[in-house]
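The values are calculated or read from the model by the stated rules, or taken from the named source; none is laboratory data. As the structure is a prediction and not an experimental result, all values here were calculated from the model. Cβ placement follows ideal geometry from the backbone for every residue including glycine, while neighbour counts extend to all protein chains displayed. In case anyone asks, the SASA skips ligands and DNA or RNA and just uses the protein heavy atoms, side chains included. Shrake-Rupley method; radii C 1.70, N 1.55, O 1.52, S 1.80 Å.
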Amino acid sequence: MNAAFFPGGDVLLTFSLAGLLLVPCRRLKTSSLVALSLFFLAQPLEWAYAAVQWMHPGWVPPSLSVAESYASLKSAVDTGNFWVMAWENLTTGQWASLAWGIEAGRLMQAPGLFLLGFVLGRQDFFLQNDGTAVFWTRGLLFSLAGACAFYVVMCLPGLPGPVHTVFSMWHNVCFTGVWVAGFVLLYRLEYFRKATAPLLTYGRMSLTNYVSQSVIGSLIFFPYALGLAPYCGYLASFAVGFAAMTGQIWFCRWWLERHRYGVLEGLWHRATWLAAGKVFAPEHR
């Protein structure tokens, strides 16, 4: 559903594939999870490409035709026909998203981040206490230093493509660490918790909000509907996004006052619970 409205930018396919790794890994020891996470974050595919280039100068990694795929998607959007756009998004667009994830290192990065988040949650690093505050303060400083260092390296001239991708992904991971550590530390402050309180309900319906953002944005900006993209600059687009998010927050509050789960979250929960019910007898749950 998300892909039909979002040409070539659907990350849910990549996340669903990466998320499958959590199922067989959920009972592993923490040390094994950390090692596996570091393996994926190290970008082994790109290092393999770099090794082949070093042994065989002139060799280039296989092309997945990402640029051609995005050009085809743009042509479909420009037709102003929803069904043409949706079909192209659901076929070429899904491949373009997946291929871009492979070429950009995201398909390796995503499972590494998922496993790392699993470890942080299992070890209770998101609890609010002095011990975790020290951990996140150190994490913030190390992440900031790493982000700066990797940015300098990735900007060096003459860097082989695969090696540039590695350092670019490492820079992104460190910069993510800055955001996460900063948010966790700020959340210790009462005024910050109050200021971000509207995001609590928004986060409980994150899948619903993510998909509905695609639908809302598509209806506003694409030619098959209002087609306002050529007339909206950065400021106007920001205002549209802010208004849409405000409406989503209001809807989340209204919905969660009446339902336990979000719209798509409830469907997902029911589907997976029914599947589990067919496998496990009630007394074994």
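Things worth noting here:
- Residue that is surrounded by the most Cβ atoms within 10 Å (Cβ to Cβ) [pool: residues in region 104-124 that are free of Cβ contacts under 8 Å to residues at least 40 places away in the same chain and either in a helix (DSSP H, G or I) or hydrophobic (A, V, I, L, M, F, W, C) (or both)]: LEU120
- Filtering region 146-164 to residues that are among the aromatic types (Phe, Trp, Tyr) and open to solvent by 70 Å² or more (accessible area, probe 1.4 Å) leaves only TYR151.
- Among (1) over 25 Å from ASN89 (Cβ atoms); (2) part of a helix (DSSP H, G or I); (3) without any contact (Cβ under 8 Å) to a residue 12 or more places away in the chain, the one test that TRP255 misses: (3)
- Hey, LEU226 more than 21 Å from LEU267 (Cβ to Cβ), open to solvent by 40 Å² or more (accessible area, probe 1.4 Å) and part of a helix (DSSP H, G or I) or not: no
- Exactly one residue out of SER212, SER143, SER168 is surrounded by 15 or more Cβ atoms within 10 Å (Cβ to Cβ), within 30 Å of ASN81 (Cβ to Cβ) and of a type in the set (Gly, Ala, Ser), and it is SER212.
- Test: residue in region 131-154 that is more than 30 Å from TYR224 (Cβ to Cβ) and at pLDDT below 90: yes
- Sole residue being free of Cβ contacts under 8 Å to residues at least 40 places away in the same chain, in contact with a Cys (Cβ under 7 Å, 6 or more places away or on another chain) and of a type in the set (A, V, I, L, M, F, W, C), chosen from PHE150, PHE135: PHE150
- Some residue of region 81-102 being surrounded by 14 or more Cβ atoms within 10 Å (Cβ to Cβ), touching a residue at least 12 places away in the same chain (Cβ under 8 Å) and under 30 Å from SER31 (Cβ atoms): yes
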